[in-house]
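Okay, so here's the structure we're looking at.
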Amino acid sequence: VADIGRQAADALAHAHRRNVIHRDIKPSNLLVDGRGLVWVADFGLARRLTDPGHSHHESLIGTPRYMSPEQARVGPIDGRTDLYSLGATLYELLTLRPPFEGRSAAELIEQIGHRDPPTLRQFDTRIPRDLETIVLKLLSKRPIDRYASASEVSDDLRRFLNLEPVRARRITPIGRFW
């Protein structure tokens, strides 16, 4: 899962360097070929940030279960929106359940905006703490608390895979309260 995330982050970094945000990262849009290479698919909702009026939108765009809080609020978005969605995707691949479950899009959006997801290790204690930390950082409510770029995500996942210390740090209870 960490390698899938690293490859997807590399692909998103490539798109973000060209000012393109995907806006609909989810498990079904990450395709793994027979060689184990990950392809990010379905750029149907993608937008260039440099196009006038496309960094803001007037309606919900994307799959609610994987939307970032800022995307669900119908406000300004940037590449960190894709990072949140990548975090939700990795969460689901690791735990076999989404970070939030609701009976309706409105219920999901409320949870995404106001609740923290359960820790991954709550569902499977075999998930390494550093990998859990990376995923939970991606799922931070505030974009500023996430990684600044997809390249940073890729670098941290690469460090994790190489058994090196990751740069992400667990959020303390005081930080969570703040």
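Below, the figures for the structure above:
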| item | result |
| --- | --- |
| Gain on full stretching of the segment that runs from Ser151 to Trp39 - 0.36 nm per residue minus C-alpha separation | 38.7 nm |
| Candidates per trypsin sites (Lys or Arg not before Pro) in the stretch 58-133, loop by DSSP, up to 15 other Cβ within 10 Å | Arg73, Arg103, Arg115, Arg126 |
| Per residue, in Å², the accessible surface of the chain once ligands and nucleic acids are set aside, probe 1.4 Å | 53 |
| Low-density loop cleavage sites - chymotrypsin sites (Phe, Trp or Tyr not before Pro) in the stretch 16-117, where at most 15 other Cβ are within 10 Å (DSSP) | Phe43 |
| Spin-label pair Ala106/Ser28, simplified geometry with 7 Å Cα→Cβ offset, distance in nm | 2.4 |
| Residue among Thr125, Leu93, Leu138 farthest towards the positive dipole end of the stretch 92-160, charges placed on Cβ | Thr125 |
| Other-chain or far-sequence residues with amide H under 5 Å of Val32's (modelled H) | Trp39 |
| CD proxy at 222 nm, helix term only [per DSSP H run n ≥ 4: -39500 (n - 2.57); per residue of the chain; nearest 500] | -12500 deg cm²/dmol |
| Gaussian network model of the chain, Cα within-10 Å springs - most flexible of Gln122, Gln111, Gln71 | Gln122 |
| Rel. contact order, % - alpha carbon contacts under 8 angstrom, at least six apart, the chain | 24 |
| Fraction of accessible area attributable to carbon and sulfur, the stretch 67-167 (%, probe 1.4 Å) | 49 |
| Note, ³J(HN,Hα) from phi for the stretch 150-167, Karplus 6.51, -1.76, 1.60, rounded to Hz, x at Gly and Pro | 5, 4, 5, 5, 4, 4, 5, 5, 5, 4, 4, 5, 8, 6, 9, x, 8, 7 |
| Per DSSP, loop trypsin sites (Lys or Arg not before Pro) in the stretch 1-43 with at most 12 further Cβ within 10 Å | Arg18, Arg35 |
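The values are calculated or read from the model by the stated rules, or taken from the named source; none is laboratory data. This one's a predicted model, so the numbers in the text were calculated from it and none came from an experiment. When we count neighbours, we look across all protein chains shown, and the Cβ atoms used for this are built from the backbone with ideal geometry, even at glycine. Ligands, DNA and RNA are stripped out before the accessible areas are found, and what is left, the full protein with its side chains, is counted by its heavy atoms. Shrake-Rupley method; radii C 1.70, N 1.55, O 1.52, S 1.80 Å.
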